[in-house]
Amino acid sequence: MPLLYQFITDEVFQCLLKKLHGPSTQTSITSISTAAISISFMKSNALRYVGGYVCLKAVITFAGTEDLDRVKKLILLTEENDTRTSSQWIDSVNRGGLLQITEDAFPFFMEMEAVIKAAFIGQHQQINKEILMSNILDHANVKSKWERIFGSVDFDASLSILKFIIHLYITIRWFAHASGIVELQEQCTKKL
């Protein structure tokens, strides 16, 4: 998990630098998509790691229900051999039990990250968690990536899983974002 905090801290610093020194441009949540996001290898791995954690929690939550089979569409089964470099990286940092997300699930998590990142930029204290969840649920790119995994016929049936995953992902990002801000403030007060 330390890499996730380094990733979040890096993102917070970049946002603060842009806010302090760069032009003030507000990005619309609906206009941002994964096509506009360049993602490094480490950020991609961190996103896959968090996606695996979220899917693990979903498997635990929906165990014993008919939704469990739907959740399994998001994860790689252990029988599948995956030789991607990111899978090898996740295996090396996995302390046990972490699931790996499928190639279809990764763009879904990328779209969620894009919406959350747009909400976090410049609005450190004004973010409403329920509104953010609603924005993600209503976002066309997020819906299309979800439908790619489950199909449009199964969309309504998988809505409870979608809401669970979005809520947990927001919570994880929320705490990471808040801890990055606190760390930044502590560093600023030490300099004074």
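Under 11 Å from the Cβ of ILE116, count the other residues' Cβ atoms, weight Lys and Arg +1, Asp and Glu -1, and hand me the total.
0
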Inset, instruction - Compute the FRET efficiency between ASP156 and LEU56 as 1/(1 + (r/R0)^6), taking r as their Cβ-Cβ distance and R0 = 41 Å, and round to the nearest 0.05. - result: 0.95
Inset, instruction - Tell me which residues come under 5 Å, amide H to amide H, from ILE101 once H is placed; ignore anything under 5 positions away on its chain. - result: GLY52, LEU76
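Each value in this text was obtained by applying a stated rule to the coordinates, not by laboratory testing. As the structure is a computational prediction, the values presented were derived from the model and not from experiment. Neighbour counts run over all protein chains shown; Cβ positions are idealised from the backbone, glycine included.
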